[in-house]
Amino acid sequence: MNTIARSEPSADADAAAPKDTTLIYRQSRWTRLTHWLWAISLFFMLLSGLQIFNARPQLYIGKESGFEYNNTVFAIGAENTATGPRGYTEIFGHRFDTTGVLGWSGPAGRETSRAFPSWATIPSYYDLGTARVVHFFFAWILTTTLVVWLIASLINGHLRRDLAPRLGDLKRLPQDIIDHAKLRFHHTREYNTLQKMAYGGVLFVLLPLMIITGLAMSPSMNAVLPWLNDLLGGRQTARTIHFTVMVLLIGFFIIHMLMILAASPINELRSIITGWYRTDPPAHGDTERSN
Ligand code: HEM
């Protein structure tokens, strides 16, 4: 059976409810507030994190690192060649020339050896202390935001109504993949299966893993929860997982932006800023909400 979700505003709807019946109140103020808080936090955490990485631009697997170990899985560096200094990135022993971006970068004639370029780090110049202060400040904002999102979403039903997987989601998955591949979007009150998977993956897997691996790297946390480090395979493995999650979040962000642009950017942006979303007329395949 087909339905479009109710169009009446909920208790916390913004003051002036639009008259148009196809506009529905889709995102609560808690969803919107927490969304923008974690978007801002992740922006600062990414750029300050890259600065922290620059202090030791290698990743290892295991508990320890050093010359006597052969456990490097990723490295960014610079080397002298016959044609001058070159930047490189090494992944599992495979070396790529990344001069100009990774390893060796800067304004023409004033290039320096640094893993991530100055435009990608906070601060832009080398300052590990400031980067750590920025990183930890936003890490606590992100963690608090995630907890607030979870509590609010449990109370206002967002989690159960919009994100909890249902049997129907699995059945719809193949059609959803085809629709996304053809950039054919049907705007309904509900998240589609791929959205549920992507948002659920970020909120329940990537962000918690980011926080846990971050805590595992903190010496004071090692004193309180010494088993956490071992559980993750050692401090260096925790750092490698932390970095990998960062790469996955960037991947999510790029796809998130592309999907918003393809789906109808004004409508999508309005919903995550004001809460109001314009739905399409019901189409075959829309499901009755089960709440
Ligand atoms: C690192 C940055 C970001 C992350 C991790 C992120 C993650 C998410 C997640 C998890 C949701 C689902 C939230 C929920 O249902 O509770 C969401 C929804 C949404 N986000 Fe983002 N987001 C980011 C940045 C942005 C930016 C920069 C924009 C806009 C330019 C944006 C636009 C939206 C929109 C429009 C929705 C609602 C999608 C829909 O209702 O179909 N996001 N985002």
| note | When every residue in the stretch 150-203 that is β-branched (Val, Ile, Thr) and part of a helix (DSSP H, G or I) is compared, the one farthest from the ligand (Cβ to nearest atom) is Ile178
| note | Given the conditions (1) among the aromatic types (Phe, Trp, Tyr); (2) buried (at least 19 other Cβ atoms within 10 Å of the Cβ); (3) touching a residue at least 60 places away in the same chain (Cβ under 8 Å), every one holds for Tyr126 apart from (2)
| field | Hey, Ala131 in a helix (DSSP H, G or I), in contact (Cβ under 8 Å) with a residue 40 or more places away in the chain and within 30 Å of Ile52 (Cα to Cα) or not | value | yes
| note | Residue pairs within 7 Å by beta carbon, gap of at least six or interchain, first lying in the stretch 51-64 and without any contact (Cβ under 8 Å) to a residue 24 or more places away in the chain, second not charged (D, E, K, R), listed first then second, are Gln58/Thr72; Gln58/Phe74; Gln58/Ala75
| Somewhere in the stretch 204-225, is a residue part of a loop (DSSP other than H, G, I, E, B), farther than 25 Å from Ser41 by Cβ and not hydroxyl-bearing (Ser, Thr, Tyr)? | no
| field | Filtered residues of the stretch 96-123 (kept if assigned to a loop (DSSP other than H, G, I, E, B), without any contact (Cβ under 8 Å) to a residue 60 or more places away in the chain and of a type outside the set (Ser, Thr, Tyr)) | value | Gly100, Val101, Leu102, Gly106, Pro107, Ala108, Gly109, Arg110, Glu111, Pro117
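Just so you know, all these numbers are worked out from the coordinates, no wet-lab data involved. Small disclaimer: the values here were computed from a predicted structure and weren't measured. When we count neighbours, we look across all protein chains shown, and the Cβ atoms used for this are built from the backbone with ideal geometry, even at glycine.
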